[in-house]
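Here's the structure, in structure tokens; my notes come after.
The values are calculated or read from the model by the stated rules, or taken from the named source; none is laboratory data. Predicted, not measured: the structure shown is a model, and the values here were computed from it. Cβ: placed from backbone, ideal geometry, glycine included. Neighbour counts: every protein chain shown. Note: areas computed on protein heavy atoms with side chains; ligands, DNA, RNA excluded. Shrake-Rupley method; radii C 1.70, N 1.55, O 1.52, S 1.80 Å.
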Amino acid sequence: MNAFLLGILSSLAASALLLALSLLRGSRPLWWLTAACSWFTGTGLRRVYRRQAAAEHHMGQDLAGAQWVKVMAGRGNILTREAFAPLWSGDTSPASVQILLPDPDIPHGSWLDRRSQDVARFDPGFTPDLLRSQVRANIDYLTQAARTQPGIRLRSYNLPHTCRVIATDKVAYLTFYSDDAHGRNSPCLYARAPGLLYTIALQQFDTTWANSTEAPLTQRP
């Protein structure tokens with residue numbers, strides 16, 4: 001009888017364990033676990049998106065209610081997508097939007113050239129000047145958007161760029177780039193203020209901003 005009960009209890013325990021593991025495969029249970037660990041460690045990490053693109057829905061919600069926004073990107077394609085539409089709409093735009101993009105006009109040997117070489121190793125369609133042209137296209141997009149949004153400021157940099165930062169007064173999204181994958185396929189960390197990761201995101205942005213140059217966008221009459 002004892003052996004029979006022990007067998008039932010073992011089966012129930014195994015089923016409970018499998019159920020717990022299956023639940024943790026979902027996004028929200030993992031986010032709950034991450035948030036609990038973050039509370040104990042003080043990192044501020046609340047979510048981990050396996051791919052950068054998966055964060056865009058929640059990012060749009062955070063941007064819509066932001067008082068200010070800071071963006072440091074490797075090419076800036078995200079700026080033209082739906083997640084950033086609240087910034088250009090005019091109704092809910094934050095008072096300040098600071099954007100950092102690589103300088104596409106630096107002579108050969110710039111960070112953009114080095115990044116292009118890295119990407120070309122795993123993406124055969126990536127030509128040496130493609131990254132420059134993509135950055136220029138996104139600057140043109142911002143120039144148009146800035147005509148109705150006076151709070152937009154753009155600066156360009158020529159520094160090693162290891163992560164993308166999108167921060168507001170409350171949250172930060174960080175994507176750390178690798179040498180063998182596009183940024184869109186890299187994991188994205190979501191951190192809330194206050195917290196260590198949020199502070200690191202702002203420090204990364206502010207340091208690059210202090211070592212960047214004014215772009216033509218901010219010199220319009």
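Picking from residues in region 187-211 that are surrounded by fewer than 18 Cβ atoms within 10 Å (Cβ to Cβ) and assigned to a loop (DSSP other than H, G, I, E, B), the one that is nearest to the chain's Cα centre (by Cα) is 187. Going through region 57-88 one residue at a time, which ones are polar (S, T, N, Q) and either in contact (Cβ under 8 Å) with a residue 60 or more places away in the chain or within 22 Å of residue 136 (Cα to Cα) (or both)? Residues satisfying the conditions are 67, 77, 80.
Take the conditions (1) open to solvent by less than 60 Å² (accessible area, probe 1.4 Å); (2) at pLDDT below 50; residue 102 misses just one of them, which is (2). From the set of residues in region 175-186 that are open to solvent by 10 Å² or more (accessible area, probe 1.4 Å) and assigned to a strand (DSSP E or B), which is modelled with the lowest pLDDT? If we take residues in region 175-186 being open to solvent by 10 Å² or more (accessible area, probe 1.4 Å) and assigned to a strand (DSSP E or B), then 181 is modelled with the lowest pLDDT. Among the residues making up region 106-162, those that are touching a helix residue (DSSP H, G or I) at 6+ places or on another chain (Cβ under 8 Å), in contact (Cβ under 8 Å) with a residue 40 or more places away in the chain, part of a loop (DSSP other than H, G, I, E, B) and not β-branched (Val, Ile, Thr) are 146, 149, 158, 159, 160, 161. One residue stands out in region 77-99 among those that are among the small types (Gly, Ala, Ser) and modelled with pLDDT under 90: the one that is most open to solvent (accessible area, probe 1.4 Å), namely 95. Scanning region 105-160 for residues that are polar (S, T, N, Q) and under 26 Å from residue 89 (Cα atoms) yields a count of 8.
Considering (1) at pLDDT 85 or above; (2) farther than 27 Å from residue 158 by Cβ; (3) small (Gly, Ala, Ser); (4) part of a loop (DSSP other than H, G, I, E, B), the lone condition that residue 74 does not fulfil carries the number (2). Of all residues in region 132-174, those satisfying the criterion of being among the aliphatic types (A, V, I, L, M) and at pLDDT 90 or above are 135, 137, 139, 142, 152, 154, 165, 166, 167, 171, 172, 174.
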